[in-house]
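Undergrad: One structure, pasted below without further comment.
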Amino acid sequence: MPETATLLVSCPDQKGLVSGISSFIFRHGGNILESDQHTDIEAGIFLARFEFHLDGFQIPRDQITAQFRPMAEQFGMKFEIHFSDHVPKVALFASRLPHCLEDLLQRQQAGEFKAEIALVLSNHPELSPIAARYGVPFLHFPITAENKHQQEAAEMRELESRGVELIVLARYMQVLTEDFIAAYPNRIINIHHSFLPAFVGAKPYHQAFLRGVKLIGATGHYVTMNLDEGPIIEHEVARVSHRDSIDDMIRKGRDLERTVLGRAVRLHLVHRVLTYGNKTVVFD
């Protein structure tokens with residue numbers, strides 16, 4: 001496939017935005033393949049995604065940012081430019097549950113993700129054989145209340161040395177510190193169960209079973225300083241009934257977690273997610 005560039009833009013809403021961006025791409029020989037935009041009327045925010053061919057584009061890729069910046073400053077834009085031939089490096093964090101980890105590794109092996117799984121990192125050793133089966137380095141960082149900050153500092157050094165750009169928490173049962181989260185803004189994706197009503201703490205499926213819930217679900221979101229309250233990328237739900245046992249609910253919930261996490265990671269990797277405030281726009 002021909003190489004493309006993807007331009008993501010957010011700024012205060014005003015006249016001339018779509019025309020200005022489209023004209024910039026056209027004037028320099030670009031052919032727009034996809035364009036999508038959304039305006040949050042209440043917030044007064046404009047968000048857009050433009051994907052265009054690089055074949056015939058007259059600005060060298062390493063100069064596109066500098067050439068676009070005057071327009072960005074004129075309109076008060078925040079913007080990112082991504083290239084289709086770039087293969088980002090991803091770290092998968094997991095604890096003891098294997099279902100999300102194995103699903104992501106299978107998806108990457110099947111070519112669903114254009115990414116390199118640089119490593120699997122865990123606070124427990126049990127998942128090492130799964131990483132080995134896929135030829136991915138496995139690093140074990142035992143974490144206690146006493147060593148948490150030191151271990152996270154060591155983890156961050158490891159991630160930096162391997163050039164990791166995205167972290168995926170594939171049922172990683174640790175709360176990351178603020179320093180860790182601040183180092184990867186909107187670059188840590190988490191999955192967790194979500195219920196109507198919500199059940200927190202230990203054994204959420206047992207709590208849901210005792211309350212006789214009719215819907216269970218999963219949520220994929222970016223990690224922020226507020227635990228499990230980051231911008232949401234993807235949701236999915238499944239119906240349950242009085243006929244479902246706790247084991248049935250756990251099985252259905254894990255199926256949802258696999259699906260939702262896989263979708264969220266893919267949407268991020270193909271640059272279809274824009275965050276603003278504590279919300280996302282997903283150009284799917």
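Undergrad: Quick one: pull the percent of accessible area on the chain belonging to carbon and sulfur, 1.4 Å probe, ligands and nucleic acids left out.
TA: The C+S portion of the solvent-accessible surface of the chain is 51 percent.
Undergrad: Related question: For I216, I232, give me the order by solvent-accessible area with a 1.4 Å probe, most accessible first, ignoring ligands, DNA and RNA.
TA: I232, I216
Undergrad: Moving to a separate point now. List the aspartates and glutamates whose alpha-carbon lies under 17 Å from that of K15, not counting same-chain residues fewer than 8 positions away?
TA: In chain and number order, the partners are D36, D40, E42, E73.
Undergrad: Quote the charge dipole size of the chain about the Cα centre in Debye, to the nearest 20; the model charges only the Cβ of Lys and Arg (+1) and of Asp and Glu (-1).
TA: The calculation lands at about 560 debye.
Undergrad: Once a ≥ b ≥ c are taken as the square roots of the eigenvalues of the Cα gyration tensor of the chain, is the result rounded (a/c under 1.5), prolate (a/b larger than b/c) or oblate (a/b not larger than b/c)?
TA: prolate
Undergrad: Continuing with the same structure: Find out how many positive minus negative residues lie around V87, taking Lys and Arg as positive, Asp and Glu as negative, among other residues whose Cβ is under 11 Å from that of V87.
TA: Once positives and negatives cancel, what remains is -1.
Undergrad: List the relative contact order of the chain as a percent without decimals, with contacts defined as Cα pairs under 8 Å and 6+ residues apart. Please report the intermediate quantities before stating the final value.
TA: Working: 491 pairs, mean separation 43.9, N = 284.
Normalised by residue count, the contact order of the chain is 15 percent.
Undergrad: Follow-up. Leaving out ligands and nucleic acids, note down the accessible area per residue over the chain with a 1.4 angstrom probe, in whole Å². Show your work: numbers first, answer last.
TA: Numbers: 14490 Å² over 284 residues.
Accessible area per residue: 51 Å².
Undergrad: Another question, if that's okay. For K114, list the lysines whose Cα falls under 20 Å from its own Cα; do not include residues on the same chain fewer than 8 positions away.
TA: K89
Undergrad: For region 59-185, just say rounded, prolate or oblate: build the C-alpha gyration tensor, square-root its eigenvalues into a ≥ b ≥ c, call rounded for a/c under 1.5, and beyond that prolate if a/b exceeds b/c, oblate if not.
TA: Oblate, since a/c reaches 1.5 and b/c is not below a/b.
The values are calculated or read from the model by the stated rules, or taken from the named source; none is laboratory data. Just so we're clear, the structure is a prediction, and the values are computed from it rather than from any experiment. Note that we place each Cβ from the backbone using ideal geometry, even for glycine, and neighbour counts take in every protein chain shown. Surface accessibility is based on the protein's heavy atoms, side chains included, excluding ligands, DNA and RNA. Shrake-Rupley method; radii C 1.70, N 1.55, O 1.52, S 1.80 Å.
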